[in-house]
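Structure first, then comments.
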Amino acid sequence: MAIKITFPDGSVKEYPRGVTAAKVAEDISSRLAKNAVAARVSGVLQDLEDEIQEDSSLEIITVDQPEGLEILRHSAAHIMAEAVKRLYPQAKLAIGPAIENGFYYDFDVPEAFSPEDLGRIEAEMHKIVQENQEFTHWEVDRETAIKEFAAMGEDYKVELLQEMEDDQVSIYKQGELVDLCRGPHLPSTGKLKAFKLLNVAGAYWRGDSNRPMLQRIYGTAFAKQKDLDEHLRRLEEAARRDHRRLGRELDLFSIQEEGPGFPFLHPNGMVIWRSLEDFWRKEHRRRGYQEVKTPIILSESLWQRSGHWDHYRENMYFTEIDERPYAIKPMNCPGSILLYKRRLQSYRDLPLRYCELGLVHRHELSGTLHGLMRVRCFHQDDAHIFMLPSQIQEEITGVIDFIDYVYRDVFGLNYRVELSTKPEDAMGPDEIWETATEALRKAVEAKDIPYEVNEGDGAFYGPKLDFHLEDCLGRTWQCGTIQLDFLMPERFDLTYIGEDGKEHRPVMIHRVIFGALERFIGILIEEFAGAFPVWLAPVQARVIPVGERYLDYADQVRRQLMEDDLRVEIDARDEKVGYKIRSAQLEKIPYMLIVGEKEAEAGTVSVRHRQAGDLGSMPVEEFRKLLRQEAASMALQPLDISSVVD
RNA sequence: GCCGGCGUAGCUCAAUCGGCAGAGCGGCGCAUUCGUAAUGCGUAGGUUAGCGGUUCAAGUCCGCUCGCCGGCUCCA
């Protein structure tokens, strides 16, 4: 009895019924068989050793494919679990998935793993690989599975099984390890060549801080040792662009023991800050925003009215003035709302766009603080748009375009969008949430921007579109957000006078572009690895006189450049040129201007760029134009001299 | 907040079994006046995160507190 197997290229071949994908792969080429990790049979991923009983399409999945690598990593997690069970028989298994760049497995063990334990576990894994144990699997009905896992003391697996809806579940076994798993897996443990355990961390069972804390071991695995080495090298490189390290090395900011989560901006960091702020102001002005400033401390009663008291109190700081209770603002919206309410508003004046670089304070859990990325006080580039219901779409779209312009066009950053929906602890009725959520959804979809839905992650007053940026290790941070709010206007009884002379209820958008200046600067530091484009660079050019005799000329050059507000300084230290260049390079200063006898006589500077190297000499005036233009255009790459226009 | 790890000079790191706290870089001083990634010599710099304990003796061992790092939870 033969069955027909259709391959991805459309070709069809006959094989005996019950043939395995492994045999088919072997039939095609021994090389394919060697790299194969699983098969996709009629669209479903399965093991290579599973028998194929009917006419099917077949794709052999190899380790070179993303799915193949994922299977490899998932199998690595199982091998790690087996190693852990051998060394710590009392360990209970929780879950162990493949993740981006690796895998993890959560264990419940009486004592936490130490970093040294990882070495032992890794060594045991190597043994298991050596033993080349086969991965086998079978189906069993759920009730039986529950009994069996209960007998093994695998309480977490039992809990998972109890919540599953399928009648039949799939069980995998390799060596001594029996695990509840959908698969597929490698044919055998010997296929795992390149892996490494990276670190161990606590993780709550099911991500719930009320449940037990388990021990999570993270590891990574690749098809080849070369790929693993490359990945480890990238991790090291990423550590070098960590904004906390660069922040110290480039003297941009610091966080002192006296104020955990409260960053200090140094003179160099402040230059970046001011450049961003100038850019921010200019861009808002031309989009019809009006800048405001609202107080940092406001009466507690305001926060009760806004709902923060009920929904956000845990994150707030409080104080008392003249025996009356006040709160330090965690958000800027109530302040903007008070400004809106200060007078009667006409429909003619809407949309009213108030923007504010507002300093907010939030009590974040100590364990979550992270350099500039998560702090306890930060400046939001906030704005509140008060508008007619008919203006919702256009305003949302305007903000989406604004964010896209800033992220992509200006900074060259890639971002990911999430639509965050109603949280559990939310104000207002479901219908309003639905209306608001749909309005946001409609706006992103109209822009054809891909997005994921982040269920239950909205603000307590409204759903939001969140814009995430990546740091050097690929961790994502929420930066921009657009929140649509029907509820605050209600609570504060906001109104505008409509065409009909009657009072109507406006709708609000709360939005940020950078998110927080602090976080955005953190992202930029890592994105540029500290080598900021000229418009942001704390020092744009450093004049390096080759000897003391040329200090006067160096100063003349500096003055000339400073006339255009360029940030230039002189390295007047009594050191050799090579030394001064090295220091400027390490400080990642975009341009170095070497001046000596020749330059002083000709009125030129010898230009060196931090990446391009020696660019030869040019008249000071020409360099001035180049630098001015590079700064003004917010160029991400150095300009070519020939492109500079007068 | 929770789990684990870590904390020595401004920075990077040494200090054997519990036995005199050190080096390089950076800083400062002197010499040198130099042409595209490190000139030489000298010198200052420490409550070994803090508090308590064990010991003849603690950077080292124990306890507590603080901070940092990696995760989890949470969020701009």
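The values are calculated or read from the model by the stated rules, or taken from the named source; none is laboratory data. Small disclaimer: the values here were computed from a predicted structure and weren't measured. Glycine gets a Cβ as well: all are built from the backbone with ideal geometry, and neighbour counts include every protein chain shown.
A single entry from A:514, A:520 fulfils the requirement of being in contact with a strand residue (DSSP E or B) (Cβ under 8 Å, 6 or more places away or on another chain) and outside any strand (DSSP E or B): A:520. Tell me, yes or no, whether region A:180-191 has at least one residue that is within 16 Å of RNA strand B (Cβ to nearest atom), surrounded by 14 or more Cβ atoms within 10 Å (Cβ to Cβ) and either outside any strand (DSSP E or B) or on the phi > 0 side of the Ramachandran plot (or both). Within region A:180-191, not a single residue is within 16 Å of RNA strand B (Cβ to nearest atom), surrounded by 14 or more Cβ atoms within 10 Å (Cβ to Cβ) and either outside any strand (DSSP E or B) or on the phi > 0 side of the Ramachandran plot (or both).
Restricting attention to region A:460-478 and to residues that are crowded, with 23+ Cβ neighbours inside 10 Å and near RNA strand B (Cβ under 8 Å from one of its atoms), the residue that is nearest to residue A:235 (Cα to Cα) turns out to be A:467.
Would you check which residues across region A:611-620 are within 7 Å of RNA strand B (Cβ to nearest atom) and surrounded by 13 or more Cβ atoms within 10 Å (Cβ to Cβ) and list them? The answer is A:617, and nothing else. Based on what the data block shows, is residue A:139 in contact (Cβ under 8 Å) with a residue 40 or more places away in the chain, among the acidic types (Asp, Glu) and within 21 Å of residue A:97 (Cα to Cα)? Criteria not met by residue A:139.
A residue that is surrounded by fewer than 17 Cβ atoms within 10 Å (Cβ to Cβ), of a type in the set (D, E, K, R), within 11 Å of RNA strand B (Cβ to nearest atom) and not assigned by TED's automatic domain parsing to the domain that holds residue A:637 cannot be found anywhere in region A:382-402.
Consider region A:205-232 and keep the residues that are among the polar types (S, T, N, Q) and modelled with pLDDT of 90 or more. The one that is nearest to residue A:107 (Cα to Cα) is A:215. Just one of the listed residues (A:193, A:157) is farther than 25 Å from residue A:112 by Cα and either out of contact with any Pro (no Cβ under 9 Å at 6 or more places or on another chain) or among the hydrophobic types (A, V, I, L, M, F, W, C) (or both), namely A:193. Screening residue A:588 with (1) assigned by TED's automatic domain parsing to the domain that holds residue A:461; (2) in contact with a Gly (Cβ under 9 Å, 6 or more places away or on another chain); (3) on the phi > 0 side of the Ramachandran plot; (4) more than 8 Å from RNA strand B (Cβ to nearest atom) gives one miss only, at (1). In region A:200-235, the qualifying residues are those that are touching a residue at least 12 places away in the same chain (Cβ under 8 Å), out of contact with any His (no Cβ under 8 Å at 6 or more places or on another chain) and of a type in the set (S, T, N, Q), and the one that is surrounded by the most Cβ atoms within 10 Å (Cβ to Cβ) is A:215.
Among the residues of region A:1-39, those identified as loosely packed, with under 15 Cβ neighbours inside 10 Å, part of a strand (DSSP E or B) and of a type outside the set (Asp, Glu) are A:2, A:4, A:12, A:13, A:16. Scanning region A:310-354 for residues that are part of a helix (DSSP H, G or I) and farther than 20 Å from residue A:486 by Cβ gives A:313, A:314, A:315, A:348.
For the residues A:434, A:418, the requirement of being among the charged types (D, E, K, R) and either within 11 Å of RNA strand B (Cβ to nearest atom) or surrounded by 19 or more Cβ atoms within 10 Å (Cβ to Cβ) (or both) singles out A:418.
In region A:589-607, the residues that are touching a residue at least 60 places away in the same chain (Cβ under 8 Å) form Cβ pairs under 9 Å with partners that are of a type in the set (Asp, Glu) and within 6 Å of RNA strand B (Cβ to nearest atom), at six or more places apart or across chains, as follows: A:605/A:599.
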